[in-house]
Amino acid sequence: MPQTRDLGGSWELRADGALPEQARSLAGVAVPAVVPGCVHVDLLNDGRLPDPFRDDNEKAVAWVGRTDWRYTREVAWTGDPHERIDLVFDGLDTVAAVELGGDALGATRNMHRGYRYDVTALNDGVARPLTVRFTSAYTEAEQVRDLLGARANAYPEPFNFIRKMACGFGWDWGPTLVTAGIWRPARLEAWSVARLASVRPLGTWSGGEGRLDLTVEAERLHDTHLTVRVLLDGREVARGELPPGDSRWVIGTTVAGVRPWAPIGYGEPTLYDLTVELSAGDVLLDRWRRRTGFRGVTIDRGPDAAGSRFVIGINGEPVLVKGVNWIPDDIFPSRMTRERYRRRLREAADAGVNLIRVWGGGIYEDRAFYEAADELGLMVWQDFLFACACYPEEEPLYSEVLAEARENVARLAPHPSLITWCGNNENLWLRGAMRWNQAEGGDLTWGERYYLETLPRVVAELDPSRPYQAGSPWSGSWEHPPNDTGHGTFHSWEVWNREDYADYRDSAPRFVAEFGWQAPPAWTTLRDAVSDDPMLPDSPGVLHHQKAEDGNGKLARGLAPHFGAPVGTEAWHYLTQLNQVRAIRTGVEHWRSHWPHTGGTILWQLNDLWPVTSWAAIDGAGRYKPLYFELKSLYAPRGLTVQPRAGGLVVAVLNDSPEPWSGRLAVRRRTAAGEPRAAWAARVDVPARRVSTVEIPAHVTALGDGELLVAELDAARALWFGVRDKDFAYPAAGLTVTADPAPGGLDVRIQAAGLARDVLLQADRIHPEAVADRGFLTLLPGESATVRVRGPFEPDPALLKAPWVITDLASVLRLGLAVR
Ligand code: BMA
């Protein structure tokens, strides 16, 4: 068996070459460094950088990305002698020269690949210096740009000229922090005779049967006879021979007695241990192990009377996609841990999410990400790493793209959660929509060949088990504009950028792969990030943590028709978070009511990678914005929503459960004070996985001033106010709050005398680590609810009396003040 020695842990970091003024103190200094890691994190840990997340320190540390760096340590082989010793890097960020004992081993220019070098000389046991020199990513990207010609992109940075995480160069939710470093594990691997160079299992499911297609590639040093054994949960399912000269073994076999992997809400995410062993005679040479599963994936893109569908099917069943977009969870991705991946994905699953789209401006994530998704039953849509730009198709980029695609398609093949590969984010669309074809370099290559030829070929060759999409959005061909509501995937950005959120209802796209609405992060997250005093929506630090073009203007214009102009930062914070929730609710309920015409929604965006005003549901400090809790009801299997249709109102009964939903649907018109005005009821029978729309009679929907509709079916409820918030005369909520100490915190009971709309308990205002189990909640007169608050604080009910800990809409609208 191969022996390995981890090269993680302490290294030394030095600046190479010229240093800017701020960095003079680094001249000749060896900074303690950690692998895996990156320069920024090492400098931060050594107290040599101000926190780039605070105020506008981001600007003060910009020199780090423009500097060259050198990582060094000694290495020696301390294991048994072997015929071969390899030095393996799972990831180098990005432009690196690797040297051992002063000899060059190789040069790299792609963060998204791994590298392996023959260092068999280490068999002598003598220690040698290992050096990895990093050239600034800017130097490389600017050289490639000069060589191939400038091309348009969405941000003024050269991210499209280098194979490196694009959003590290800054995005409309992210800082510009251009990293360098040994960002993934490094090790020595010693082996003899032969090793498993690649194992690519494709587990599929159809006709009630599992199937395993497996390709094994060996790297061999001798022409000996090799055998391969394949075990599933310890039981041998296949065995093969690699005669001398042969190093590739391919099998396809049905696997009896297995159950399929299914996403959340559609069955169990069943996984199996897959083991592949390589032997020579009785000697076991290498062993590979993963959890894998069997499932069939289709995307129904067929034509129909309305255009072209986009319905994802798993194991033969159409699946309503309730998705979120994922960006790297840390601007320094080497800081991610298995626990953090697991926690974030568990949070998505807890919110009812069944699909995560790994967005093309980030990275092919760590194995831990896909393993967590496998176990949770979260489907993963993986973009190839191209976003919002024209990308050159010439060398030196073309071969890098090809190598990176081949490596990652093979690497991620075992994961049943990964259900589709997508060519890019928005590049097919924006070239025309942003007129990049008419801008500088508009006549040069721009990436089309990757999306329409290279990448689909790689997927067809290495992984035919997963449907490929050319891009997001994409209408299926050039016959229709890429972002066409009638065909394929759609990104809904006009509404946030220029319109009122009610306009989400103006179309029913076939699949909404992006849509979002901004809001600031949790109060404490913002307060910790900026030292502005006073802290205002437009004070310098707050504005620095708003990266979207005219972001605050869009927030204000989105707010005005619904809530007017807020008084004070606290009211702005409360109302913009509420407006985010209102907007997303409007979109998702409308689109869900059109299932299966609309095949699903993928919210932009689940997470953040620093403290910022953004479209995220979970902020950069990991705190939940109220939107996070709202997702739980929007993405619940069952729900009700009142929708305007053809001059009247309907109740859409949303049933994404495997059972029919039958019962008595009751709709009442009542005053805000609770007095009944009209009532109507009907029996509904909604088949499994279907939506029924039921018209509400006009005499019920004839809302007078201060009246609302309440629709109910079993435990589900929908409210309809008919007018915009600022035109509804909300009475005082009349809240009575009582709190009981509970294990780990407080149980807070909120009782409403009147209509209490959008009561919010902001747990982070009690203690930075306190968490509540609900976001906005609305109570009808006389109702009560309990909010569980947990965290490391003294469970003193008096804490709830601090300003803005508990707030409701009527109080904010009337007074711009907290209730208590
Ligand atoms: C889409 C995404 C991102 C961007 C978001 C918000 O374009 O693909 O590039 O951050 O919208 O503008």
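The values are calculated or read from the model by the stated rules, or taken from the named source; none is laboratory data. Since the structure is predicted, the reported quantities are computational estimates derived from the model, not experimental observations. Backbone-built Cβ (ideal geometry, glycine too); neighbour counts: all protein chains shown. Surface areas here come from the heavy atoms of the whole protein model, side chains and all, with no ligands, DNA or RNA. Shrake-Rupley method; radii C 1.70, N 1.55, O 1.52, S 1.80 Å.
Quick notes on this one:
- Qualifying residue in the range 449-462 (condition: over 30 Å from residue 212 (Cα atoms) and either more than 15 Å from the ligand (Cβ to nearest atom) or assigned to a loop (DSSP other than H, G, I, E, B) (or both)): yes
- Scanning the range 392-430 for residues that are in a loop (DSSP other than H, G, I, E, B), within 16 Å of the ligand (Cβ to nearest atom) and open to solvent by 10 Å² or more (accessible area, probe 1.4 Å) gives a single hit, 426.
- When residues of the range 155-184 are limited to those that are within 20 Å of the chain's Cα centre (by Cα) and open to solvent by 20 Å² or more (accessible area, probe 1.4 Å), the one nearest to the ligand (Cβ to nearest atom): 172
- Filtered residues of the range 651-669 (kept if touching a residue at least 40 places away in the same chain (Cβ under 8 Å) and surrounded by fewer than 19 Cβ atoms within 10 Å (Cβ to Cβ)): 657, 658, 663, 664, 666, 668
- Near pairs, Cβ below 7 angstrom, 6+ apart or cross-chain, from the range 354-378 (touching a residue at least 40 places away in the same chain (Cβ under 8 Å)) to any residue that is away from the ligand (no atom under 16 Å from the Cβ) and of a type in the set (Ser, Thr, Tyr): 366/341; 370/417; 373/417; 374/417; 378/417
- Residue count for the range 491-505 under the criterion of being open to solvent by 30 Å² or more (accessible area, probe 1.4 Å), within 13 Å of the ligand (Cβ to nearest atom) and closer than 21 Å to residue 308 by Cα: the result is 1.
- Yes/no for residue 444 being of a type in the set (A, V, I, L, M, F, W, C), assigned to a loop (DSSP other than H, G, I, E, B) and touching a residue at least 40 places away in the same chain (Cβ under 8 Å): yes
- Scanning the range 431-441 for residues that are within 16 Å of the ligand (Cβ to nearest atom), outside any loop (DSSP other than H, G, I, E, B) and either open to solvent by 40 Å² or more (accessible area, probe 1.4 Å) or of a type in the set (A, V, I, L, M) (or both) yields 432, 433.
- Scanning the range 660-677 turns up one or more residues that are of a type in the set (Val, Ile, Thr) and assigned by TED's automatic domain parsing to the domain that holds residue 721.
- Test for residue 768: is it part of a loop (DSSP other than H, G, I, E, B), modelled with pLDDT under 95, open to solvent by 10 Å² or more (accessible area, probe 1.4 Å) and of a type outside the set (A, V, I, L, M): no
- Of the residues making up the range 119-144, those that are free of Cβ contacts under 8 Å to residues at least 60 places away in the same chain and part of a loop (DSSP other than H, G, I, E, B) are 125, 126, 127.
- Selection within the range 303-355 - open to solvent by less than 30 Å² (accessible area, probe 1.4 Å), more than 16 Å from the ligand (Cβ to nearest atom), farther than 15 Å from residue 635 by Cα and part of a strand (DSSP E or B): 307, 308, 311, 312, 313, 314
- Pairs linking a residue in the range 166-178 that is at positive phi to a residue that is within 13 Å of the ligand (Cβ to nearest atom), with Cβ atoms under 9 Å and 6 or more positions apart or on different chains, are 170/155; 170/159; 170/547.
- Residue that is nearest to the ligand (Cβ to nearest atom) [pool: residues in the range 357-387 that are within 16 Å of residue 342 (Cβ to Cβ) and in a loop (DSSP other than H, G, I, E, B)]: 365
- Qualifying residues in the range 145-154 (those that are in a loop (DSSP other than H, G, I, E, B) and within 16 Å of the ligand (Cβ to nearest atom)) - the one farthest from residue 424 (Cα to Cα): 152
- Residue count, the range 581-616 (criterion: within 16 Å of the ligand (Cβ to nearest atom) and part of a loop (DSSP other than H, G, I, E, B)): 10
- Qualifying residue in the range 713-721 (condition: within 30 Å of residue 560 (Cβ to Cβ) and either over 36 Å from the mean Cα position of the chain (by Cα) or outside the structural domain of residue 668 (by TED's automatic domain parsing) (or both)): no
- Scope the range 21-49; condition free of Cβ contacts under 8 Å to residues at least 60 places away in the same chain and within 28 Å of the chain's Cα centre (by Cα); matching residues: 34, 43, 44, 45
- Any hit, the range 522-536, residues being open to solvent by less than 10 Å² (accessible area, probe 1.4 Å) and charged (D, E, K, R): no
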